[in-house]
Amino acid sequence: MDAVLSPPTLDTRRPTSIAVMAMGGQGGGVLVDWIVALIESQGWLVQSTSVPGVAQRTGATIYYVEAIESDGSGRRPVLSLMPVPGEVDIVIGAELMEAGRAMQRGLVSPDRTTLIASSHRAYAVSEKIAPGDGAGDPAKVHEAARAASKQFLAFDMAAIAEQSESVISAALFGALAAPGALPFPRAAYEATIRETGVGVEASLRAFGRAYDAAVAELKSPTPAPSGNTTRKEFPDLKPIGDAGFDALVERARTLPEPVHGMVAAGLARVVDFQDVAYGREYLDRVDAFAELSANELTSAAAKQIARAMAYDDVIRVADLKTRDSRFARIRTEVAARPDQIVYATEFMHPRMDEVCGTLPAGLGLWIETSPRVLGFLRRLVDRGRRVQTGTIGWFLTLYLLAGLRRFRRGTLRHRREQAHIEAWLDRARTVARGDVALAIEILEARRLVKGYSDTHDVGEGKFSRLMAMAEKLEGRADAADWMRRLRTAALADAEGRALDDTIKTIESFL
Amino acid sequence: MAERSFAKEVEDLRLGDGQEFHGEGILAITKALLQSGVGYVAGYQGAPISHLMDVLSDAQDILSDLGVHFETSASEATAAATLAASVMYPIRGAVTFKSPVGTNVASDALANLASGGVTGGALIIVGEDYGEGSSIMQERSHAYAMKSQIWLLDPRPDLESIVRAVETGFELSEVSNTPVMLEVRIRACHVRGSFRTKTNQRPAMSVKDALETPRRDTGRVVLPPASYVHEREKIEKRWPAAVTFIKERRLNEFVPGDIGDVGIILQGGMYNGVLRALQGLGLADVWGTSRIPLYVMNVTYPLVPDEVADFCRDKRAVLLVEEGQPDFIEQALAKILRQANIPTPLSGKDLFPMAGEYTAQVMGEAIGAFVRQWIPDMLAPAVRASNAPPALEEKHARALAEVVPPRPPGFCTGCPERPIFAAMKLVERELGPHHVAADIGCHLFAIMPPFNIGTTTMGYGLGPASASAFNVKAAKRSIAVMGDGGFWHNGLTSGIGNAVFNKSDGVVLVVDNHYSAATGGQDLLSSRAANRSRSTRHAIADAVKGMGVNWVRQIDRTYDVGRMRDTLKEALTSNEPGPKVIVAASECMLNRQRRERPLFAKAVKAGQRMVRQRFGVDEDVCTGDHACIRLSGCPSLSVKQTADPLKDDPVAAIDNSCVGCGNCGDVAEAAVLCPSFYRADIIINPTGWDRAVAHMRAAVIGFFQRLRAKRRLRLA
């Protein structure tokens, strides 16, 4: 009976489809409710759906909306419950990598899709837990988005939301309202927000700012960021009006111009850590590498020597915690209003290592080698302390500790650090005569030494393993290359699994 | 109080004849129940039907106005057993839970119910959690329908069809004396659409009436010889009655098409996806007009052989769209065709994948393949000669694969379960790794980075039970984790009781966050909040002691990482025989924030002195080793790229979403991490005394700060 039917007239219109890629807890549901209400207010037929489940607990999640203008017949359309790759008109990424995920899922197509993304980053756990820099390169997402979408609209909507004391949904809604995405007037969007009746003013503020930003962005797109490391700020190498320091600046200026920024940063750090004389020692150490006239080597030396010399001891921490600039910074960080009072509590857990390190070398060493004294003192010292830096008693305690700076050169810790630095630099200098690239890697390996207590020990352990490998690799043309791989591996995970693997690989051909 | 309130939406449940209802699938189901004159409703929460329970809970006034009884069941088994009220009495009853996990738990009651049969309509609404975003094993509910002989409805995923399925489902149940299962997929539960309503009906007989005039019939009790009679009755009476009803009432739909020599048979739930795929091929439009005839099975069990045969006869080929495996329907169709001697080729899992969700892409490819195979001339030219380049070039795809991180769900900002697992991590460092039996609930997020704790999950509340085999003398003890939800669901008996009886020496950690948190913050027996309609505040520790456990430790602030660690260590090393039970209790932060935030804001607005706490990191003290993050994973504790040229790696940073739970400070202290964390106490609306003290402190501290600043070189 079917065969006798004549071909029906098919309506060739496609529904407008919108996919929202969000993270659980970001308020993607609010945005979708707004979109649905907006579309309904324009007399269209709309359907939305989502897959919340446990993804609502911080995981990546997707919402999907389809809509079509009524044909006036009263028929209900059959709308899809999930996005069809290649057939999505608008994709909203509530975070940059979620926009990237949309592309991976094939939801963004060059002939059809407007991709609206907030360019801010909310780092995933896998990116945050690496001991090094585990963050994905945002430039890759921007590049792909430009190529894969019909139009790519990206700016930091999280910042707009925060400035407006609102939520990102409102900013995303503002970007969606920009001309070109949906055929609805701006007023309809604003009316939708007003209808909800909650936090209307703040939402409209964020909406308006995002709308303006989107319009500006459409006129002249801002260039994509190039990697994560673009933000480094190098100080100028210039005199400050202190005779001693200015003499060091004069001297540093004789170094090649390209390394001035790094030397300026390093010099400032070590002088701030100790004094001008310490700055002189710093320049002496850097000079020894500069003589080999390889800028990359000098730059690596300027950076890593400063880090090593300005190690984190009790005196340094106490100094940083008690500065007036820090008190001001905390107020800004926690967004305190002028009429509010802010007190900070520090979480400190001094161990006997730190106590002995801060004592004169002889005394510190004696305690360390006297088990009974050490045990007695440990019971006294070794526990968590909540230091209320804003109260006079605790402030003065830290203040006095910071004042021990003048005795620092005589402490056990300082002596150990200097010995460690010397051995390391000695090695780098020797290697530099034959293999500059390897010497750079030996210097850069210092990056592994960081953190406090156990973390510091683990870092130092990895550093030692790298030094041992450097010795084995020395003389090979690819020594520096392998050292770089070892460093990357050491920073990939805390347990050192990647490092183990790389060492195994190297040992297989050595 | 559940996470999401439907207080406003439930008002729409009062809509009458011919009015338009706009809303989510779950609300539509509720409305359909009331329109059908349901007498009682029960269920157990779990995605995707958590919100159905929340809606019912928020609609209690409307329900009691109509004389409808509603219960939040202790488990899915309880919910299913509730349907016993429809065995002897002509009362319509509905229960709901997540499938197939809930169906697993309920299966004993369901099998008994199905054996004796029902008088009043009995509807089991199962929320299908299959495919994207699912949190459970991937299985079908279909097998349950077949094994116990329960009819299975799989309506088209739009509100009108779902509502119709509820209404006809009750009738089907009554004419065939068989319980009916209504399967709703996750997207359909959350789909927002509209339908025309009818006036709510009071149940013809209420449970109160039944209770006051009890009836019995041993012929309905599952015991020989009645059980043998039941089985014959199922086949001889109930099945034919169901098939007749399905046919007469046209529960399955035939969509005509002009290309009549092929056809597509589909589960109702697949309808929108199939239509969209056909639209992509130029063979259908958005209003449901199709050029290929469709047979839409809104009832997927039992099948109606006549309908199948009629649809397939005279066709050159038929495609079956059946999601999930095993391919029960395909096997059944093949048998129907064979027996009717119809030679039409049947495609199905040869073109579709055997396993996995039928996504838009899968649907498009498989239906496209069928069309290309049988009616290539009917394809739109653009589709036929499609040589569109891939949307994403290879190099970009590779680049994205490198940088886009996986983002699985995890503990929320300030979650009280985070410090429990941070403490377990610290214990692991001292005593080595242990066998950790995990369970279902938010605490299962610990299996992922950064904690990587937990070996197996054997089902809700079965954490301690799944450690049973490890009850032997050894140098280490097993640790079993279970949430408060799982504890009351069955863990008290299956885990604690079992451990006491078998003299287990293992450690059981009960995570008590005051709610059934993972499913949306519903109350349970041990919830602390006063609940108007339920009895709460029954302490877990009391229940555990009552079960015969002697070693019980209650921790009322899980954020105390040091104490948590020491208690765990004690449990792992104590000489006391028998199970060691730790109840780690702190309120779910999502719920706490929702409760406290408005009150806080109100107090601030009223000018009261309030203290807000949040944490921060001193950027210049942080060395970027991220050890703190490896013991946390909190969304508000992240990293940020620093402008300091001497730092190669990003430093830790806490954003303004921090709720000041205290985990960061406690972990830094207990794990001896680093001194870069600080807690800021922000005094809002300070009193005169506050201001005076602050002024005095600032004067003294400022004096010393200026003194040192003067001596310090002004660098940069």
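The values are calculated or read from the model by the stated rules, or taken from the named source; none is laboratory data. Note that the coordinates shown come from a computational prediction; the quantities given were computed from them, not determined experimentally. Cβ coordinates were reconstructed from backbone atoms using ideal geometry, including for glycine residues, and neighbour counts include every protein chain displayed.
Before we move on, is A:Val88 more than 8 Å from chain B (Cβ to nearest Cβ), of a type in the set (A, V, I, L, M, F, W, C) and touching a Ser or Thr at 6+ places or on another chain (Cβ under 7 Å)? Here the answer is yes, as A:Val88 does meet what is asked.
Residue count for region B:100-113 under the criterion of being touching a strand residue (DSSP E or B) at 6+ places or on another chain (Cβ under 9 Å) and modelled with pLDDT of 95 or more: the result is 6.
For region B:406-421, filtered to residues that are among the hydrophobic types (A, V, I, L, M, F, W, C) and under 20 Å from A:Tyr123 (Cα atoms), the residue that is surrounded by the fewest Cβ atoms within 10 Å (Cβ to Cβ) is B:Cys412. Taking (1) of a type in the set (D, E, K, R); (2) touching a helix residue (DSSP H, G or I) at 6+ places or on another chain (Cβ under 9 Å); (3) farther than 17 Å from A:Ala302 by Cα; (4) surrounded by fewer than 20 Cβ atoms within 10 Å (Cβ to Cβ) in turn, A:Lys450 satisfies each apart from (4). Of all residues in region B:20-41, those satisfying the criterion of being over 17 Å from the mean Cα position of the chain (by Cα) and among the small types (Gly, Ala, Ser) are B:Gly23, B:Ala28, B:Ala32, B:Ser36, B:Gly37, B:Gly39.
Which of the residues belonging to region A:262-275 are more than 7 Å from chain B (Cβ to nearest Cβ) and either closer than 20 Å to A:Ala300 by Cβ or buried (at least 23 other Cβ atoms within 10 Å of the Cβ) (or both)? Answer for region A:262-275, where residues must be more than 7 Å from chain B (Cβ to nearest Cβ) and either closer than 20 Å to A:Ala300 by Cβ or buried (at least 23 other Cβ atoms within 10 Å of the Cβ) (or both): A:Val263, A:Ala264, A:Leu267, A:Val270, A:Phe273.
Of the strands (runs of 3 or more DSSP E) lying entirely inside region B:627-697, those containing at least 2 residues that are of a type in the set (A, V, I, L, M, F, W, C) and surrounded by fewer than 24 Cβ atoms within 10 Å (Cβ to Cβ) are B:651-654, B:677-684. Taking region A:386-469 as the region of interest, the helices (runs of 4 or more DSSP H) fully inside it that hold 2 or more residues being within 9 Å of chain B (Cβ to nearest Cβ) are A:392-402.
Pairing each residue of region B:703-716 that is in a helix (DSSP H, G or I) with any residue that is exposed (fewer than 13 other Cβ atoms within 10 Å of the Cβ), provided the two are 6+ apart or on different chains, yields no C-beta distance under 8 Å. The single condition among (1) small (Gly, Ala, Ser); (2) farther than 19 Å from B:Ser5 by Cβ; (3) free of Cβ contacts under 8 Å to residues at least 60 places away in the same chain that B:Ser527 does not satisfy is (2). For A:Arg378, indicate whether it is surrounded by 12 or more Cβ atoms within 10 Å (Cβ to Cβ), more than 12 Å from chain B (Cβ to nearest Cβ), part of a helix (DSSP H, G or I) and in contact with a helix residue (DSSP H, G or I) (Cβ under 8 Å, 6 or more places away or on another chain). Criteria met by A:Arg378. Hey, does region B:274-287 have a residue that's in contact with a Ser or Thr (Cβ under 9 Å, 6 or more places away or on another chain), within 30 Å of B:Tyr130 (Cα to Cα), surrounded by 13 or more Cβ atoms within 10 Å (Cβ to Cβ) and away from every other protein chain (no Cβ under 14 Å)? No, region B:274-287 contains no residue that is in contact with a Ser or Thr (Cβ under 9 Å, 6 or more places away or on another chain), within 30 Å of B:Tyr130 (Cα to Cα), surrounded by 13 or more Cβ atoms within 10 Å (Cβ to Cβ) and away from every other protein chain (no Cβ under 14 Å). Looking across region A:10-36, the residues that are out of contact with any strand residue (DSSP E or B) (no Cβ under 9 Å at 6 or more places or on another chain), more than 8 Å from chain B (Cβ to nearest Cβ) and at pLDDT 90 or above come down to A:Val30, A:Trp34.
Quick grid of which residues meet (1) closer than 23 Å to B:Cys415 by Cβ; (2) in contact with an Asp or Glu (Cβ under 8 Å, 6 or more places away or on another chain); (3) assigned to a helix (DSSP H, G or I):
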| position | (1), (2), (3) |
| --- | --- |
| B:Ala571 | yes, no, yes |
| B:Asn575 | no, no, no |
| B:Gly578 | no, yes, no |
| B:Val581 | yes, no, no |
| B:Glu587 | yes, no, no |
| B:Val604 | no, no, yes |
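Taking region B:177-208 as the range and being touching a strand residue (DSSP E or B) at 6+ places or on another chain (Cβ under 7 Å), outside any loop (DSSP other than H, G, I, E, B) and away from every other protein chain (no Cβ under 14 Å) as the test, the residues that pass are B:Val180, B:Met181, B:Leu182, B:Glu183, B:Val207. With respect to the conditions (1) within 13 Å of chain B (Cβ to nearest Cβ); (2) of a type outside the set (Gly, Ala, Ser); (3) surrounded by 14 or more Cβ atoms within 10 Å (Cβ to Cβ); (4) free of Cβ contacts under 8 Å to residues at least 24 places away in the same chain, A:Val200 falls short on a single one, namely (1).
Selection of region A:276-333 for residues being of a type in the set (D, E, K, R), more than 9 Å from chain B (Cβ to nearest Cβ) and either surrounded by 20 or more Cβ atoms within 10 Å (Cβ to Cβ) or over 31 Å from the mean Cα position of the chain (by Cα) (or both) yields A:Arg280, A:Glu281, A:Asp284, A:Arg285, A:Asp287, A:Glu291, A:Asp313. For region A:69-78, state whether one or more residues are surrounded by fewer than 22 Cβ atoms within 10 Å (Cβ to Cβ), facing chain B (nearest Cβ under 7 Å) and under 30 Å from B:Met448 (Cβ atoms). No, because not a single residue in region A:69-78 is surrounded by fewer than 22 Cβ atoms within 10 Å (Cβ to Cβ), facing chain B (nearest Cβ under 7 Å) and under 30 Å from B:Met448 (Cβ atoms).
Residue selection: A:Thr298 satisfies the criterion of being among the β-branched types (Val, Ile, Thr) and farther than 26 Å from B:Leu707 by Cα. Please return the ranges of strands (runs of 3 or more DSSP E) entirely within region B:45-134 where 1 or more residues are of a type outside the set (Asp, Glu) and surrounded by fewer than 24 Cβ atoms within 10 Å (Cβ to Cβ). Correct list: B:69-72.
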